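The values are calculated or read from the model by the stated rules, or taken from the named source; none is laboratory data. Everything quoted here is computed from the prediction, not taken from an experiment. Glycine also receives a Cβ, built like all others from the backbone with ideal geometry; neighbour counts cover every protein chain displayed. Only protein heavy atoms, including side chains, enter the accessible area calculation; ligands, DNA and RNA are left aside. Shrake-Rupley method; radii C 1.70, N 1.55, O 1.52, S 1.80 Å.
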Amino acid sequence: MRNLKLTVEYDGKRYLGWQRLGDSEKTIQGKIEKVIQQLTGETIEIIGSGRTDAGAHAKGQVANFKTTSTLSEDEFLTLFNRYLPDDIVVKEVVEVPERFHARYNAKGKQYSYYVWNDAIPTAFERYHSFQVVEPLDLAKMEAACEKLVGTHDFLGFSALKKSKKSTERRIDEIMITQEGSMLHFTFVGNGFLYKMVRILMGTLIEIGAGRLPLAVIDQVLANKIRSEAGETAPAQGLFLDEVYY
């Protein structure tokens, strides 16, 4: 039995997210598993590093699966990209130790979120960014980011109603860069809760637009109440950039 690790890139705009659902034709996991079955004759469940939401994207999603197939890594790579849709690309196939697990062995992740901050929309990035018409105060958003860096209980910045597991996570860095009207937010941390990056982004945008005070960050971290944070930013601006092991 071999254990193969995949690095996957995908444009999520026409999918219901990573996780296979009843209609596997509309999920990334379902599409990849279908090709594996065609190539190996085996019914295999692949393990992803985590779920991405409907409409969200990935530049470096990681998954693994076990197989008895004798196809080489290069053969798998070629055949994946021959049979998968054009908006799902396997960038790398590597044989890894039997105990490797894409989700449980992950030590951290990097996400990006893109905001098109202009009254005029963009024709090319409309499915890969979120348009915000109001001017945004970068200094206020950077001050909010500083409050979020570190180890905190992020329950109030997640879509979890409650959790038996710890909701404490560590954010190592949040960076904001600007190129013209495009704002690029980068989040690096040891893990992220369900919809956490999108809720953080919605809160940062409302702070930048002056609709929420800077103090809301401390308030939500202390009270852990989701309704006190900002709206959930749309999925189309979100990318999973990299998973760290």
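Which of the three applies to the range 179-245, rounded, prolate or oblate, going by the alpha-carbon gyration tensor with a ≥ b ≥ c and a/c under 1.5 meaning rounded? It is oblate, given that a/c is not under 1.5 and a/b is not larger than b/c. When Cα Rg over 2.2 N^0.38 Å is calculated for this entry, the matching label among (1) 0.98; (2) 1.13; (3) 1.07 is (3).
Label separation (Ser163 vs Glu98): 3.2 nm, computed from points 7 Å beyond Cα along the C-beta direction. Pairing the Cα long axis of helix 28-40 with the longest principal axis of the chain, what angle in degrees results, from 0 to 90 and rounded to the nearest 10? For helix 28-40, the angle is close to 10 degrees. Considering only Val115, Val35, Val62, the Gaussian network model of the chain with Cα springs below 10 Å gives its largest mean-square fluctuation to Val35.
For the range 22-114, the solvent-accessible area with a 1.4 angstrom probe is 50 square angstrom per residue. Of the whole protein surface, Lys13 contributes about 110 Å² of accessible area at a 1.4 Å probe radius. If R0 is taken as 41 Å, the Cβ-Cβ distance between Phe124 and Val149 corresponds to a FRET efficiency of 0.80. Full extension of the segment from Ser181 to Ala139, taken as 0.36 nm per residue of separation minus the current Cα-Cα distance, would add 13.5 nm. Using a 1.4 Å probe and ignoring any ligands, DNA or RNA, find the accessible area of Ser49 and quote it in Å² to the nearest 10. About 10 Å², rounded to the nearest 10.
For trypsin sites (Lys or Arg not before Pro), the sites in the range 109-170 that DSSP calls loop and that have at most 16 other Cβ atoms within 10 Å are Arg126, Lys161, Lys162, Lys164, Lys165. Within the range 164-204, the chymotrypsin sites (Phe, Trp or Tyr not before Pro) that combine a DSSP coil assignment with at most 16 other C-beta atoms in a 10 angstrom radius are Tyr194. Each helix, a run of at least 4 DSSP H residues, gives -39500 (n - 2.57); summed and divided by the residues of the chain, these come to -7000 deg cm²/dmol at 222 nm.
Helix 73-83 axis versus longest C-alpha principal axis of the chain: approximately 70°, rounded to the nearest ten. Take every pair of alpha-carbon atoms less than 8 Å apart whose residues are at least six positions apart; their mean separation over the length of the chain yields a relative contact order of 24 percent. The apolar share of the surface of the range 24-143, taken as the fraction of accessible area on carbon and sulfur atoms (1.4 Å probe, ligands and nucleic acids excluded), comes to 51 percent.
Over all pairs of different C-alpha atoms in the range 120-245, the reciprocal of the mean inverse distance, the Kirkwood hydrodynamic radius, equals 15.0 Å. Tell me the relative contact order for the range 40-167 as a rounded percent, counting alpha carbon contacts under 8 Å between residues six or more apart. So the answer I get is 17 percent. Taking 19 Å as the straight-line reach from the Cα of Lys224, the lysines in range (excluding those fewer than 8 positions away in the same chain) are Lys147, Lys161, Lys162, Lys164, Lys165, Lys195. Rolling a 1.4 angstrom probe over the protein heavy atoms with all chains in place gives the range 129-213 an accessible area of 49 Å² per residue.
Taking every alpha-carbon pair under 8 Å whose residues sit at least 6 apart, the range 91-232 reaches a relative contact order of 28 percent.
Label sites at Thr43 and Arg211, each approximated as a point 7 angstrom past Cα along Cα to Cβ, lie 4.7 nm apart. Is the range 58-194 rounded, prolate or oblate when judged by the Cα gyration tensor, a ≥ b ≥ c being the square roots of its eigenvalues, rounded requiring a/c under 1.5 and prolate requiring a/b larger than b/c? Oblate shape, in that a/c is at least 1.5 and b/c is the bigger or equal ratio.
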